[in-house]
Amino acid sequence: MKLWLEKIHLDLKVIWKLSRNQTNFKENFIVHLENEHGHFKSEIAPNIRYGETPDKIQEQFDEWSRSISINEISDLDFLTKSLDQKPLFHSLRFGIESVFLSMFARASGKTLRDFLNLPLSGKLETSFSMPIIPVNEIADYLAPLSRFKSLKIKVNAETASDMLAEIKKHTNVKLRVDGNEAWKDLDSFLRFQDGLKGMNIELIEQPFPSSMQNEYKELKKITPYKLLADESIEDVGDFSELASQFHAVNIKLMKTGSLIRARNLLLEAKRHHMTSMMGCMIETSIGISYGMLFGGMVEYVDLDGFLLVKDEPFKLVKENNGFLTIAEEF
């Protein structure tokens, strides 16, 4: 059995600017696992917000590989023990776990969906994302996106109002406003929120840092909008606390570090009467195809990361009129 990482450079179609950073490319890894059952692939999409860089991912993978015997990983229990023996970056843990689970499923004669006992999903309709861009570029950015019924708008506290006012001039589709922890106090956010009247706001995602739990609790009591947690939930979540701050959670495989944890978090959200989104980082269609497995468990889908990549290399997922289809089942 062979397991290795392949580093890939992904140029982006636009400058990807959030409230905390910006870039025009992404460096991810493809995880390869090869044995008598076939050649399996997954993806690692490092996120600097969690201290993940390509160099640190490779270093941690090399250390982990030296600490275990790959050929001894023959079942889920052994895999989990191997992954949990020391803390791994979430995206790295996901990449390793998912290729092994794909192999276990193939060896048992099942699809990965059936192996994980995930429900079938209907048509998957994704939103499409807009980074923080100058107001005078918004019309051109929106022009080719009329096929999407919802847009995810990245904002910062300084320009959010101007961006949304301009967006309103050009479209009335549902807007998912993503702050990426941009606001640092409740009053300034409430002033921004007052300017949203008359707009088709579907969700407001993570306006404050995850540490501002009291502000979230206060905001939830008074906001007319549905609040979505992103940075406030990673691989674990205190759902009694989350439910007091948010209406919904955004689950990303690169944050949870695990297909199994993602499934369990979605089930826990449902038990606490919270709705869920399956989200993504900037990933190729390999990573996105794993996220699509959870379409039957969520109310919202935001799996457009591969559409932001210039010349996406794998073509495993197709998008047509905002709907996603996968080329092959795991």
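The values are calculated or read from the model by the stated rules, or taken from the named source; none is laboratory data. Owing to the predicted nature of the structure, the values given are computational and were not obtained by experimental measurement. Glycine also receives a Cβ, built like all others from the backbone with ideal geometry; neighbour counts cover every protein chain displayed.
List every residue pair whose Cβ atoms sit under 9 Å apart, with the two residues 6 or more apart in sequence or on different chains, where the first one lies in the range 15-26 and is surrounded by fewer than 18 Cβ atoms within 10 Å (Cβ to Cβ) and at pLDDT below 95 and the second, anywhere, is among the charged types (D, E, K, R) and in a loop (DSSP other than H, G, I, E, B).
Between residues of the range 15-26 that are surrounded by fewer than 18 Cβ atoms within 10 Å (Cβ to Cβ) and at pLDDT below 95 and residues that are among the charged types (D, E, K, R) and in a loop (DSSP other than H, G, I, E, B), the close pairs are 20/181.
Answer yes or no: is there a residue in the range 60-78 that is under 20 Å from the mean Cα position of the chain (by Cα), over 29 Å from residue 209 (Cα atoms) and at pLDDT 95 or above.
No, the range 60-78 has no match at all.
So which residues in the range 171-196 are closer than 26 Å to residue 299 by Cα and either charged (D, E, K, R) or exposed (fewer than 15 other Cβ atoms within 10 Å of the Cβ) (or both), if there are any at all?
172, 174, 176, 178, 181 - these are the residues of the range 171-196 that are closer than 26 Å to residue 299 by Cα and either charged (D, E, K, R) or exposed (fewer than 15 other Cβ atoms within 10 Å of the Cβ) (or both).
Can you tell me which residue within the range 85-108, out of those that are surrounded by fewer than 17 Cβ atoms within 10 Å (Cβ to Cβ) and modelled with pLDDT of 95 or more, is nearest to residue 54 (Cα to Cα)?
Once the filter is applied, the top-ranked residue is 107.
Could you tell me which residue of the range 31-43 is surrounded by the fewest Cβ atoms within 10 Å (Cβ to Cβ), considering only residues that are assigned to a strand (DSSP E or B), touching a residue at least 40 places away in the same chain (Cβ under 8 Å) and over 17 Å from the mean Cα position of the chain (by Cα)? So that I can check it myself, show each step before the final result.
Within the range 31-43, the subset assigned to a strand (DSSP E or B) is 31-35, 38-43.
Those still in the list that are touching a residue at least 40 places away in the same chain (Cβ under 8 Å) too: 31-33, 35, 38, 40-43.
Still in the running and over 17 Å from the mean Cα position of the chain (by Cα): 31-33, 35, 38, 40-41.
Details: 31: 24, 32: 16, 33: 23, 35: 15, 38: 11, 40: 22, 41: 20.
Among them, the one singled out is 38.
Just give me the residues in the range 296-320 being surrounded by 24 or more Cβ atoms within 10 Å (Cβ to Cβ) and over 24 Å from residue 117 (Cβ atoms), in sequence order.
Answer for the range 296-320, where residues must be surrounded by 24 or more Cβ atoms within 10 Å (Cβ to Cβ) and over 24 Å from residue 117 (Cβ atoms): 305, 306.
Which of the residues belonging to the range 220-273 are closer than 20 Å to residue 100 by Cβ, more than 13 Å from the chain's Cα centre (by Cα) and among the charged types (D, E, K, R)?
Within the range 220-273, 261, 263 qualify.
Please specify each residue of the range 81-130 satisfying the condition of being part of a helix (DSSP H, G or I), over 18 Å from the mean Cα position of the chain (by Cα) and of a type in the set (Lys, Arg).
Passing the criteria: 81, 106, 113.
Determine which member of the set 306, 314 is aromatic (Phe, Trp, Tyr) and part of a helix (DSSP H, G or I).
Matching residue, one of 306, 314: 306.
Select, from 293, 267, 259, the only residue that is at pLDDT 95 or above and surrounded by fewer than 20 Cβ atoms within 10 Å (Cβ to Cβ).
Details: 293 fails: surrounded by fewer than 20 Cβ atoms within 10 Å (Cβ to Cβ); 259 fails: surrounded by fewer than 20 Cβ atoms within 10 Å (Cβ to Cβ).
Criteria check complete, one pass: 267.
Considering each residue of the range 91-129, count those that are among the aromatic types (Phe, Trp, Tyr) and over 25 Å from residue 69 (Cα atoms), and give that number. Break it down into steps so the answer makes sense when it comes.
So in the range 91-129, the residues among the aromatic types (Phe, Trp, Tyr) come out as 94, 100, 104, 115, 128.
Pick out the ones that are also over 25 Å from residue 69 (Cα atoms) and you get 128.
Qualifying residue count for the region: 1.
All but one of (1) within 20 Å of residue 168 (Cα to Cα); (2) more than 22 Å from the chain's Cα centre (by Cα); (3) surrounded by 15 or more Cβ atoms within 10 Å (Cβ to Cβ) hold for residue 133; state the number of the condition that does not hold.
Answer for residue 133: the failing condition is (2).
Scanning for something modelled with pLDDT of 95 or more and under 17 Å from residue 95 (Cα atoms), does the range 214-231 turn up at least one residue?
no
Within 30 Å of residue 267 (Cβ to Cβ), at pLDDT 95 or above, touching a strand residue (DSSP E or B) at 6+ places or on another chain (Cβ under 7 Å) and of a type in the set (Ser, Thr, Tyr) - does that describe any residue in the range 148-163?
Yes, the conditions are met somewhere in the range 148-163.
Quick check on the range 131-167: of everything there that is among the polar types (S, T, N, Q) and either touching a residue at least 24 places away in the same chain (Cβ under 8 Å) or in a strand (DSSP E or B) (or both), which residue is farthest from residue 281 (Cα to Cα)?
161
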